[in-house]
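First the structure, in the form of structure tokens, and then the observations on it.
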2 protein chains.
Amino acid sequence: MPRFFINKDASAPAPGDLFEITGDDARHISSSLRMKEGEKLILCDGAGTDCLCAVESVGPTVAVRVISLSKSAGEPPYRAAVYQALVKGDKFDSVVQKSVECGAASVTPFLSSRCVSRPDERSAGKKAERWRKIAAEAAMQCGRGAIPGVGDAIPFSEAIKAAVEADIPLFCYEGGGESLREVLRRERPGTVSVVIGPEGGFSPEEAAEAAAAGMKTVSLGARILRTETVAQTVLSCLSYEFET
Amino acid sequence: MPRFFINKDASAPAPGDLFEITGDDARHISSSLRMKEGEKLILCDGAGTDCLCAVESVGPTVAVRVISLSKSAGEPPYRAAVYQALVKGDKFDSVVQKSVECGAASVTPFLSSRCVSRPDERSAGKKAERWRKIAAEAAMQCGRGAIPGVGDAIPFSEAIKAAVEADIPLFCYEGGGESLREVLRRERPGTVSVVIGPEGGFSPEEAAEAAAAGMKTVSLGARILRTETVAQTVLSCLSYEFET
């Protein structure tokens, strides 16, 4: 069933409520999905509640009435924050899309010493806007109960400072570390963070800084994964271990 | 260290042997990597053996001498065959690249009832050639001990007939099934197959045919993964469970 998110400023939904869907979502419902009166869709309140709704009218705005509420099934029982070093070209687009599909609660770009991509302020703003749109689209498409946030780019040290607060703070490093399985089998986390370097990896100094701050350095096995592959792989293992 | 594969018709390598690297690999060594005499690289025999070599001369062909042999570390202790329904645009490129990185032994495209992409013979040949090149590049980049094969497109029924021979024959179906974790925690497989549908999923008839043939229908959790996301997710879980 098609899913849409309610505007953040809407009040908490209840059965019988009427909602008006506008803008791109309304166009998508009328022109692409060609939905008609009486057909059903899900409005998600972005806070973990799905509202089953019936379409009442279709036009430039689409009116829908809430039939019943249920808990969103698409949210993992843990919050996983991805911290991904800025990467070249459109690779970050793919990291955002795959992270959302695979259960990330947020994706935050950061700048480390070997980052080749160093956008200026204007292009950084444009990119952040595009990533937030990709996150919203992916959340709707895969059935999330909330749209994961995409943060603005921060320096490496700030990323570590935030990431280390998680119950399981993972620092992915090709220079070695414990196996991901060993780390995940020790405890059932409420929060996880996943810190991933750029194409050229982390410098040994950065790896030492992360370890000193309390990050758990993990290895993802014998093969060298591309940077844009790592988030999906780690999130898939989290879901496998704690969600299914 | 840079890795290259020996031509298939080369004899089994031994320390002291001299190999000549030609074509794209030679150009890559001389022009991109700018390697010099005495520098080291790895030649992989594609059958699980890595040869540590020293460069002896660089030119249109590059001569290297084998110093020592070791077992390739990048091959999983199981053989995972991916069967992926043909998908639109360049999504199959990404499936091949990610599958190789994440440990697949082979990737075979197939045609099911809801496949939108149905290339004619000429374009199918061109695509297969591109996918084999992507597989070879990914194998070198991530440190595989063999180049996974990419098969020609086959009908759905043939894919099932081949896939069902694996110790764990997984049929990924959004219509439900056992959780992947339950299935993988029951036995340590020698061979696994992973059958993945197109954008529109499998038809209920195809799911029934697969189950009747003996495939294990598995669910990948509450979120609907895009078809091009599934192979990497399942392969990552296999590696997590059996490899690290």
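222 nm [θ] for chain B, helices only, -39500 (n - 2.57) per DSSP H run of 4+, per residue, to 500?
Roughly -9500 deg cm²/dmol at 222 nm, from the helical runs in chain B.
Put the label 7 Å from Cα along Cα→Cβ for B:GLU20; what are its distances to the other copies, in nanometres, shortest first?
7.8
Name the aspartates and glutamates eligible as straight-distance cross-link partners of B:LYS127: C-alpha to C-alpha under 16 Å, and not fewer than 8 places from it in the same chain.
Excluding near neighbours in sequence, the set is B:ASP90, B:ASP93, B:GLU137, B:ASP152.
At A:ALA213, with labels set 7 Å past Cα in the Cβ direction, how many nm apart are the copies from this one, shortest first?
5.0
Below 17 Å, Cα to Cα, which lysines can A:LYS161 reach? Residues fewer than 8 away in the same chain don't count.
The qualifying lysines are A:LYS216.
In µm²/s, what is D for segment A:3-71 at 37 °C and 0.692 mPa s, where D = kT/(6 pi eta Rh) by Stokes-Einstein and Rh is the Kirkwood radius from Cα pairs?
My calculation gives 279 µm²/s for D.
Along Cα→Cβ, 7 Å out, is where each label goes; now give me the distance between the ones at A:ARG65 and A:SER203 in nm to one decimal.
6.4 nm
Taking a label point 7 Å from Cα toward Cβ, how far is A:GLU39 from its twins in the other copies, in nm, shortest first?
5.9
Of all the residues in chain A, which one has the C-beta that comes nearest the axis relating A to B, and what is the distance in Å?
Closest to the axis: A:SER236, 2.
Between A:ALA14 and B:ARG34, what's the calculated FRET efficiency when r is the beta-carbon distance and R0 is 60 Å? Round to 0.05.
With a Förster radius of 60 Å, E is 0.35.
Using a 1.4 Å probe, what is the accessible area per residue for chain A, in Å²?
Computed with neighbouring chains in place, this is 45 Å² per residue.
Would you work out what percent of the accessible area of segment B:79-242, with all protein chains in place, is carbon or sulfur (probe 1.4 Å)?
Answer for segment B:79-242 is 49 percent, counting heavy atoms of protein chains only.
As an exercise, use a Förster radius of 30 Å and the Cβ-Cβ distance of B:ASP152 and B:ARG226 to find the FRET efficiency, rounded to the nearest 0.05.
0.80
From the residues A:SER32, A:GLN97, B:SER11, which one has its Cα farthest along the dipole of the protein assembly as shown in the positive direction, the dipole being from +1 and -1 charges on Cβ of Lys/Arg and Asp/Glu about the Cα centre?
So the residue we want is A:SER32.
The values are calculated or read from the model by the stated rules, or taken from the named source; none is laboratory data. This is a predicted model, so every value here is computed, not measured. Neighbour counts run over all protein chains shown; Cβ positions are idealised from the backbone, glycine included. Ligands, DNA and RNA are excluded from the accessible area calculation, which covers all protein heavy atoms including side chains. Shrake-Rupley method; radii C 1.70, N 1.55, O 1.52, S 1.80 Å.
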